[in-house]
Amino acid sequence: MALKIKIAKPTTRQGWGNLILRTALGCVALVLVVFLAVFGYYYFRYQSIVDERLKQPLFETTAKIYAAPREVRPGQKLSRASIVNELRGAGYTAEGSTNASPLGTYSESGETVSVHPGPQSFHAEDGATIHFASGVVDSLTDDHGQALLSYELEPLLITGLSEDANRTKRRLLTFDDIPPNLVQAVLAIEDRKFFEHSGVNYGSMVSWGWHDLIRDRKHRGGASTVTMQLAKLVFLSDDGTIRYKLMQIMVAFQLEHRFNKQQIFEMYANRINLGQQGSFAIDGFGEAAQAYFGKDVKQLDVAQCAMLAGIIQRPNYFNPYRHPDRVLERRNLVLDSMVETGAITKEQAERAKDEPLHLSTLSVDASEAPYFVDLVHEQLNQKLGERDFNREGLHIYTTLDPDLQRVATSAVESTIHVVDEQVDKLYARRHRVRPGEPAQPSEPITYPQVALVALNPHTGQVLALVGGRNYGQSQLDHATSAPRPTGSIFKPFVYASAFNTAVAGTQLPGHDELFSPITILSDEQTTYDVGNQEYTPRNDAGDYYGQVTARLALQRSLNNATIGLASLVGFDRVAALAREAGIKSARGTPSMAIGSYGATPLEMAGAYTIFANHGLHLDPWMLASVRSPSGDVISDYSPTSKQVLDPRVAYLTTNMLEAVMSGVGTGAGVRGQGFYAPAAGKTGSSHDAWFAGYTTNLLCIVWVGNDDYTDIKIHGALAAGPIWGEFMKRAVQLPQYSDTHEFNVPDGVQIVPIDKATNLPADSNCMSDTYNAAFLDGTVPTTTCSHPNTDKRNFIQKIFGLGDKKP
């Protein structure tokens with residue numbers, strides 16, 4: 001019996017369902033094909049972009065600028081711990097460490113530290129042992145046990161040259177250089193699944209897409225992994241669109257394919273922007289650790305690591321100097337995140353939260369000497385040509401003393417308000433603003449600029465340099481930018497020229513004796529013919545003193561007496577001495593004697609070395625050596641010097657400049673600031689304000705003036721003097737400048753007590769009121785205060801031989 005099977009025909013509804021399903025599957029397949037085609041297109045397109053970018057190094061090798069080596073001497077107030085910290089800061093490692101530094105190693109034993117320079121050290125590989133006793137350097141011995149008078153430590157790194165027009169600086173790190181706490185802090189707040197994902201966190205991406213679709217940008221977030229952030233930093237510009245996000249994903253895939261996770265994080269750690277100091281962008285954790293904490297990145301604690309990780313999100317918003325409360329809150333959020341990821345315990349987090357920010361108090365000026373570094377860069381270009389110092393990774397050794405640079409910057413910052421207050425008073429007086437009333441300027445108030453240059457007077461090394469009030473606001477270096485009239489700080493060259501005549505055995509016109517500190521000068525207003533014009537100088541405030549000693553004329557900075565002395569010596573002779581000392585603009589005119597010709601603060605610092613350095617002139621210098629990264633010498637530099645004055649003349653002038661800083665001297669005000677070390681100096685007031693002075697081991701010039709060359713109308717003693725005094729007061733507290741002493745009296749000079757009433761050598765009958773003055777041998781008067789037999793004729797009578805010599 002045959003069976004019949006009846007097959008049911010599909011209903012219309014089933015037919016439509018199958019059709020829809022097949023259509024849907026086809027659409028999905030089509031979308032998938034299109035997606036894969038688009039993805040493949042952009043993947044390979046961005047592969048070529050990444051390939052092209054990677055042909056160049058991601059980061060330029062930064063040229064490193066180093067300070068002058070610290071000289072250690074017996075008797076200095078230095079502790080064993082401070083020496084060890086400095087060696088560590090210079091890059092030395094403890095002897096026996098697994099990774100010995102090529103710069104050198106050190107070892108400690110009791111109250112000694114042994115220093116062992118390595119093959120890449122600035123110095124030859126000659127070590128030394130430093131012995132301490134009660135916080136003082138007791139003695140120094142070399143590797144063979146022989147005693148040393150001094151020993152130089154490894155120079156400290158100041159900074160790197162900025163890489164580009166954006167003034168970016170970074171200190172490149174390897175992944176092993178980055179402390180684990182910093183890695184964990186970054187991942188806890190930025191990308192917890194960094195070591196698990198393939199470059200993209202898809203959950204975050206979906207959330208980002210949804211909030212972008214509904215235009216909720218407030219809660220959209222970034223959705224960027226560390227890899228995607230690196231893609232943005234190196235390869236892309238963020239325009240906030242979905243297209244940009246897709247491109248970012250493509251580049252992230254490329255990076256994950258080419259590099260391992262440690263390499264990606266290393267690139268990120270060196271590239272990420274972490275704020276701004278002055279005009280410099282802080283890029284990378286290495287530079288940020290130094291900028292914010294004054295530390296190497298390896299020395300950061302948990303709290304500091306959390307702070308750096310926290311400010312990644314918005315570096316300017318989370319500026320720790322401007323918004324410490326915001327930063328503390330953000331840092332603590334990072335610490336809590338680290339607890340959640342298991343990186344630290346809750347107890348560790350709580351201890352870290354109790355820590356203050358511990359920010360470095362140093363500004364970019366203090367810690368990195370930007371004006372100084374810019375000058376070094378200019379000199380490199382002049383000496384080595386326009387070569388890529390960064391790409392070569394050169395090591396550039398300079399003369400800078402970082403401790404003194406910090407003192408210079410802080411002295412300017414803490415005293416410039418004294419000048420500003422005087423400017424405000426002058427404005428109020430000029431515009432008749434009543435005391436207590438707020439000034440409503442009808443014209444902008446111009447606050448003056450400032451420059452400070454400090455030298456080692458015996459080597460010419462520029463130890464510290466401040467070129468302006470604020471480097472972030474203006475990079476114009478006022479220490480070198482333009483010559484300014486020097487005012488009365490030029491006057492010592494007139495008196496030195498007069499002492500030159502005494503050394504030569506030549507009497508000045510109208511004088512029967514060789515020039516000395518008690519030579520009588522006429523301080524009366526006088527008119528001079530200069531070409532077809534008359535020149536009639538006046539004293540400050542219109543006061544004239546008649547017959548005065550040369551010592552008092554310089555001490556009170558009397559213009560007419562000084563110009564009169566220059567006319568007796570010869571204007572051309574004075575100008576020639578000034579030019580030999582480096583004041584190239586000086587010309588033989590009457591106004592030259594009171595500083596009408598210009599010089600820069602750096603030039604004046606060099607000029608004053610002839611007084612502070614026994615008559616030897618030294619050109620200021622700041623570039624000591626340029627070396628390759630392996631330590632090979634490319635070029636060494638040494639200063640140029642020239643004997644300009646007899647050492648006796650240098651001391652005789654110095655002795656008179658010591659008087660300027662005492663009694664009625666125009667520079668005596670600095671003594672009221674707490675600076676008491678033996679020193680010589682001179683104020684200067686022209687359109688600008690100056691103060692020049694020196695001790696036995698430090699020379700400093702301070703200038704204050706307006707950029708538009710207008711007269712600041714403030715005396716040097718009141719504008720530049722307070723800055724100079726504050727700087728020197730702080731400087732002599734540093735171990736390397738604390739051993740100031742009286743200036744050494746050279747052979748051929750004698751110190752004689754002089755009676756103030758008669759300005760003659762004092763004897764036993766008149767020793768109650770005297771001052772000491774320095775005389776060239778053979779120029780001390782034979783008469784004394786109780787047996788005067790001097791010529792009482794006036795200046796005109798002496799010139800023309802009139803009248804009688806009256807005892």
**Asked** Are there any pairs with C-beta distances below 6 angstrom linking a residue in region 530-543 that is open to solvent by 70 Å² or more (accessible area, probe 1.4 Å) to a residue that is among the β-branched types (Val, Ile, Thr), with the two at least 6 apart or on different chains, and if so which?
**Response** Glu534/Thr527
**Message:** Name the residue that is least open to solvent (accessible area, probe 1.4 Å), counting only residues in region 105-120 that are within 24 Å of Thr159 (Cα to Cα) and modelled with pLDDT under 90.
**Reply:** Gly118
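For (1) surrounded by fewer than 24 Cβ atoms within 10 Å (Cβ to Cβ); (2) modelled with pLDDT of 95 or more; (3) within 30 Å of Thr399 (Cα to Cα), each residue gets a yes or a no:
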{"site": "Leu463", "(1), (2), (3)": "no, yes, yes"}
{"site": "Arg469", "(1), (2), (3)": "yes, no, yes"}
{"site": "Gln473", "(1), (2), (3)": "yes, no, yes"}
{"site": "His478", "(1), (2), (3)": "no, no, yes"}
{"site": "Phe493", "(1), (2), (3)": "no, yes, yes"}
{"site": "Ala496", "(1), (2), (3)": "no, yes, yes"}
{"site": "Phe499", "(1), (2), (3)": "no, yes, no"}
{"site": "Phe515", "(1), (2), (3)": "no, yes, no"}
{"site": "Ile518", "(1), (2), (3)": "yes, yes, no"}
**Message:** Return the pair list, or none, for Cβ contacts closer than 6 Å from residues in region 443-460 that are under 19 Å from Val418 (Cα atoms) to residues that are part of a strand (DSSP E or B) and of a type outside the set (Asp, Glu), at least 6 apart or on different chains.
**Reply:** Pro448/Val704; Pro448/Gly705; Val450/Val704; Ala451/Trp703; Leu452/Val466; Leu452/Val702
**Condition check for Ser139: part of a strand (DSSP E or B), loosely packed, with under 15 Cβ neighbours inside 10 Å and not hydrophobic (A, V, I, L, M, F, W, C)** = yes
**Request:** Among the numbered conditions (1) in contact with a Ser or Thr (Cβ under 8 Å, 6 or more places away or on another chain); (2) not in a helix (DSSP H, G or I), tell me where Arg469 comes up short.
**Result:** (1)
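The rows are residues; the columns are (1) within 16 Å of Val453 (Cα to Cα); (2) not acidic (Asp, Glu).
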| residue | (1), (2) |
| --- | --- |
| Asp572 | no, no |
| Ala575 | no, yes |
| Arg587 | no, yes |
| Glu603 | yes, no |
| Tyr608 | yes, yes |
| Phe611 | no, yes |
**Message:** Within region 707-719, does at least one residue satisfy the condition of being closer than 30 Å to Met592 by Cβ, under 22 Å from the mean Cα position of the chain (by Cα), modelled with pLDDT under 95 and not in a helix (DSSP H, G or I)?
**Reply:** yes
**Message:** For region 58-104, which positions are in contact (Cβ under 8 Å) with a residue 60 or more places away in the chain, among the hydroxyl-bearing types (Ser, Thr, Tyr) and open to solvent by less than 50 Å² (accessible area, probe 1.4 Å)?
**Reply:** Thr62, Tyr66, Tyr92
**Asked** Counting residues that are open to solvent by less than 30 Å² (accessible area, probe 1.4 Å) and at pLDDT below 75, which helices (runs of 4 or more DSSP H) fully inside region 210-321 reach at least 2?
**Response** 242-258
**Asked** Within region 781-800, can one find any residue that is at pLDDT 90 or above and open to solvent by less than 50 Å² (accessible area, probe 1.4 Å)?
**Response** yes
**Request:** For region 657-706, name all the residues that are in a loop (DSSP other than H, G, I, E, B), within 22 Å of Ser516 (Cβ to Cβ), open to solvent by 30 Å² or more (accessible area, probe 1.4 Å) and touching a Gly at 6+ places or on another chain (Cβ under 9 Å).
**Result:** Thr666
**Request:** Being in contact with an Asp or Glu (Cβ under 9 Å, 6 or more places away or on another chain), outside any strand (DSSP E or B) and surrounded by 12 or more Cβ atoms within 10 Å (Cβ to Cβ) is the filter here, so list the residues in region 768-780 that pass it.
**Result:** Thr779
**Prompt:** In this structure, does Ala100 turn out to be within 30 Å of Leu465 (Cβ to Cβ) and touching a strand residue (DSSP E or B) at 6+ places or on another chain (Cβ under 9 Å)?
**Reply:** no
**Item:** Residues that are of a type in the set (A, V, I, L, M), within 22 Å of Gly665 (Cβ to Cβ) and under 27 Å from the mean Cα position of the chain (by Cα), drawn from region 480-501
**Value:** Ile489
**Prompt:** Is it the case that Gly672 is small (Gly, Ala, Ser), under 19 Å from Lys491 (Cβ atoms) and modelled with pLDDT under 95?
**Reply:** no
**Prompt:** Which residue pairs have Cβ atoms closer than 7 Å, lie 6 or more positions apart in sequence or on different chains, and pair a first residue in region 396-416 that is in a helix (DSSP H, G or I) with a second residue that is open to solvent by 30 Å² or more (accessible area, probe 1.4 Å) and basic (Lys, Arg)?
**Reply:** Val407/Arg730; Ala411/Arg730; Ile416/Arg469
**Request:** List the number of the failed condition for Asp619; all other conditions in (1) touching a residue at least 40 places away in the same chain (Cβ under 8 Å); (2) open to solvent by less than 60 Å² (accessible area, probe 1.4 Å) hold.
**Result:** (2)
**Prompt:** Does Met661 qualify as being over 25 Å from Lys756 (Cα atoms) and either in contact (Cβ under 8 Å) with a residue 12 or more places away in the chain or more than 20 Å from the chain's Cα centre (by Cα) (or both)?
**Reply:** no
**Request:** Looking only at region 575-586, decide whether some residue is over 17 Å from Ala692 (Cα atoms), assigned to a helix (DSSP H, G or I) and in contact (Cβ under 8 Å) with a residue 40 or more places away in the chain.
**Result:** yes
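So which of Leu357, Leu380, Leu362 is modelled with pLDDT under 95, in a loop (DSSP other than H, G, I, E, B) and buried (at least 18 other Cβ atoms within 10 Å of the Cβ)?
Values: Leu357 fails: buried (at least 18 other Cβ atoms within 10 Å of the Cβ); Leu380 fails: in a loop (DSSP other than H, G, I, E, B).
Of Leu357, Leu380, Leu362, the one residue that is modelled with pLDDT under 95, in a loop (DSSP other than H, G, I, E, B) and buried (at least 18 other Cβ atoms within 10 Å of the Cβ) is Leu362.
Yes or no: Gly570 over 25 Å from the mean Cα position of the chain (by Cα) and either modelled with pLDDT of 90 or more or surrounded by 15 or more Cβ atoms within 10 Å (Cβ to Cβ) (or both)?
Judged against the criteria, Gly570 is a match.
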**Message:** Based on this model, can you work out whether Val183 counts as at pLDDT 65 or above, in a loop (DSSP other than H, G, I, E, B) and buried (at least 17 other Cβ atoms within 10 Å of the Cβ)?
**Reply:** no
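The values are calculated or read from the model by the stated rules, or taken from the named source; none is laboratory data. Quantities reported herein were computed from a predicted structural model and do not represent experimental measurements. We place every Cβ from the backbone using ideal geometry, glycine too, and count neighbours over all the protein chains shown. The area values use the complete protein model at the heavy-atom level, side chains included, leaving out ligands, DNA and RNA. Shrake-Rupley method; radii C 1.70, N 1.55, O 1.52, S 1.80 Å.
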